[in-house]
Amino acid sequence: MGHPALGRRAAEITDVNDPELRRLVEDMVETMIDANGAGLAAPQVHEAIRLVIFQAPAHRSDPGLSEAEAFDHTAPLTVLVNPVIEVLSPEREGGWEGCLSVPGLRGWVERPAHIRYRGLGLDGKPIERVAKGFHARVVQHECDHLDGILYPQRMNDLTKLIFESETKHWLEPSA
Ligand code: NI
């Protein structure tokens, strides 16, 4: 937090077949898994381009969901180039978020609960999905990085910006 790459709008990717992109994505996946994170955006590794990776595994979603409901709540490891988000309903949902660029902290962030996103995969094919729950949250969090926004800027109650070590006093963090 504070690095100039995290505070500005990242550029559109014009050549999805650039082999450098593949190398970058491999590094990003490794970094995300090492840090036990759910997502990472290229500006976090100081590449100011519109590329995010994320995953929304089933164990992160609400255990009370039916199989049909759970579909929108989960996503495999996904690489998304030039993503665009459309908010599908006015409903908002709060959840705890963390960020590799804001280490040691957690914050309670309210975001639209139901979105559609579009973008390109690394194979150049279009990806379009509807997302809810943790899936919607992680995509919005990562895409915010492409516009220079970190999650504390989305918070409306800074008393809920806390140290990771104090999460035991709150509900278990969900993001
Ligand atoms: Ni982040």
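The values are calculated or read from the model by the stated rules, or taken from the named source; none is laboratory data. Just so it is clear, the structure is predicted and the values come from calculations on it, not from any experiment. Cβ sites come from the backbone with ideal geometry, for glycine too, and all protein chains shown count toward neighbours. Remember, those area values only see protein heavy atoms, side chains included, never the ligands or the DNA or RNA. Shrake-Rupley method; radii C 1.70, N 1.55, O 1.52, S 1.80 Å.
Observations, loosely collected:
- When Gly94, Gly107 are screened for being modelled with pLDDT of 95 or more, on the phi < 0 side of the Ramachandran plot, within 13 Å of the ligand (Cβ to nearest atom) and in a strand (DSSP E or B), only Gly107 passes.
- Close Cβ contacts (under 7 Å, 6 or more residues apart or on different chains) running from residues in region 3-29 that are within 22 Å of Arg118 (Cα to Cα) to residues that are surrounded by 10 or more Cβ atoms within 10 Å (Cβ to Cβ) and acidic (Asp, Glu) comprise Arg9/Asp147; Leu24/Glu47.
- Tally, over region 118-175, of residues that are of a type in the set (Asp, Glu) and open to solvent by less than 50 Å² (accessible area, probe 1.4 Å): 2
- Residue within region 136-143 that is of a type in the set (S, T, N, Q), within 14 Å of the ligand (Cβ to nearest atom), in contact (Cβ under 8 Å) with a residue 12 or more places away in the chain and touching a strand residue (DSSP E or B) at 6+ places or on another chain (Cβ under 7 Å) present: yes
- Residue check, Asp123 away from the ligand (no atom under 16 Å from the Cβ), within 18 Å of Val29 (Cβ to Cβ) and of a type outside the set (Gly, Ala, Ser): yes
- Every condition in (1) touching a Gly at 6+ places or on another chain (Cβ under 7 Å); (2) surrounded by 14 or more Cβ atoms within 10 Å (Cβ to Cβ) holds for Val102 except the one numbered (1).
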